[in-house]
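Encoded as structure tokens, the structure appears first; notes follow it.
Each reported figure results from applying straightforward, stated rules to the coordinates on display, with no laboratory input. Since the model is a prediction, treat every value here as computed from it, not as a measurement. Backbone-built Cβ (ideal geometry, glycine too); neighbour counts: all protein chains shown.
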Amino acid sequence: MKLTFSRKELEALIEWQKANGSTLEAPYTGEKIQPSLVMVGDQGVYFMNYSDKSNPIVEGESSQHVAYAREVNPLTMSVDDWYDAKVESWGGDDGVIPIPIELIEHYFKIHSKAKYFPVNTTPEGIEISC
């Protein structure tokens, strides 16, 4: 399933993270990684910061700011719709995948007019094409 994430929201997460530092160990494995955002499958599918510091709660939001996939967004979709899309795109289990900030920035450098960052997902994995 192709998921799309707002450029504006991703760039805001990246800007905050660059100013506040990155966690450089992969979740679960502890492997060394590049500065990354994490793509999360949970209540929806979204990107969030991956830092020792939590980014501040944005006015009007009840939790840490995240960039939801437009196709799996519990803030704009009914629970049945977002849940079915989450299972189709990610599977039934929750999880976290670090995505290097450098890769996201490279995509937007190549696609300078793009408003969204596309990620192809299946329950078995993800694919990002620049």
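Observations on the structure shown:
- Pairs exceeding a 21 Å alpha-carbon distance, out of Lys8/Lys109; Lys86/Lys109; Lys18/Lys53; Lys2/Lys86; Lys2/Lys115: Lys86/Lys109.
- 3J(HN,Hα) along region 115-126: 9, 9, 9, x, 9, 8, 10, 9, x, 8, x, 10 Hz, from the Karplus curve 6.51 cos²θ - 1.76 cosθ + 1.60 with θ = phi - 60°, whole Hz, x for Gly and Pro.
- Measuring gaps between exposed loop sites in the chain (GluC sites (Glu not before Pro); DSSP loop; at most 16 other Cβ atoms within 10 Å), the longest gap, sites not included, is 62-123.
- Across the chain, C-alpha contacts under 8 Å between residues 6 or more apart give a mean separation that, scaled by the residue count, equals a relative contact order of 33 percent.
- Measuring nothing but alpha carbons in the chain and taking Rh as the Kirkwood radius, the Rg to Rh ratio lands at 0.94.
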